[in-house]
1. Is it the case that the range 49-70 has a residue that's modelled with pLDDT of 95 or more, buried (at least 22 other Cβ atoms within 10 Å of the Cβ) and touching a strand residue (DSSP E or B) at 6+ places or on another chain (Cβ under 7 Å)?
2. Of all residues being part of a loop (DSSP other than H, G, I, E, B) and modelled with pLDDT of 95 or more in the range 82-101, which is nearest to residue 129 (Cα to Cα)? Just the residue, please.
3. Scan the range 14-36 for residues that are touching a strand residue (DSSP E or B) at 6+ places or on another chain (Cβ under 7 Å) and under 15 Å from residue 111 (Cα atoms) and report the count.
4. Residue 77: under 26 Å from residue 15 (Cα atoms) and within 10 Å of the chain's Cα centre (by Cα), yes or no?
5. Out of everything in the range 141-173 that is farther than 24 Å from residue 24 by Cβ and not in a helix (DSSP H, G or I), what residue ends up being modelled with the lowest pLDDT?
């Protein structure tokens with residue numbers, strides 16, 4: 001398995017015009033996901049922390065390339081596969097909200113689950129799953145996207161209960177941890 005280093009992750013973000021204003025989000029997602037992964041690992045499960053970190057930094061790599069009508073992650077998955085990182089590409093597709101509704105894309109590995117949950121807990125700060133979905137629901141979204149949010153919310157909450165139950169911490173406690181952003 002080939003995993004990009006921290007330096008390679010940032011080189012890829014630059015190469016694919018990743019917006020500077022989105023870097024705080026991906027960095028915090030990576031930090032929270034690594035925290036979750038390390039805690040799960042401490043409980044005895046196998047978690048590839050380097051993959052979690054790379055997935056956290058690169059999960060939104062297509063944000064600087066999005067055009068009208070694009071489906072988020074399609075370009076990101078293609079980029080990551082072409083760059084030789086298929087496992088990171090899998091994390092990219094499985095972090096989407098609608099991934100929870102498709103057996104082919106639902107997060108199944110700890111690495112995928114940590115990124116998917118961290119992404120749903122983080123905007124530019126840690127706000128939690130419930131608040132993140134509330135904010136999405138306040139956006140002027142097409143009815144189809146609102147339906148995806150309604151259907152996926154309980155599944156994301158199940159993932160939150162699974163991970164936080166294993167590590168024995170509430171999301172509020174995560175909110176108050178001090179994650180240093182590079």
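The values are calculated or read from the model by the stated rules, or taken from the named source; none is laboratory data. What you see is a predicted model, and the numbers here were worked out from it, not measured in a lab. Don't worry about glycine lacking a Cβ; one is built from the backbone with ideal geometry, like all the others, and counts go over all protein chains shown.
1. Taking every residue of the range 49-70 in turn, none turns out to be modelled with pLDDT of 95 or more, buried (at least 22 other Cβ atoms within 10 Å of the Cβ) and touching a strand residue (DSSP E or B) at 6+ places or on another chain (Cβ under 7 Å).
2. 85
3. Summing the residues that are touching a strand residue (DSSP E or B) at 6+ places or on another chain (Cβ under 7 Å) and under 15 Å from residue 111 (Cα atoms) in the range 14-36 gives 2.
4. no
5. 142
Conditions (1) surrounded by 11 or more Cβ atoms within 10 Å (Cβ to Cβ); (2) more than 22 Å from residue 43 (Cα to Cα); (3) out of contact with any helix residue (DSSP H, G or I) (no Cβ under 8 Å at 6 or more places or on another chain); (4) in contact (Cβ under 8 Å) with a residue 40 or more places away in the chain, marked per residue:
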site	(1), (2), (3), (4)
110	yes, no, no, yes
127	yes, yes, no, yes
132	yes, yes, no, no
140	no, yes, yes, no
149	yes, yes, no, yes
154	no, yes, yes, no
159	yes, no, no, yes
163	yes, no, no, yes
166	yes, no, no, yes
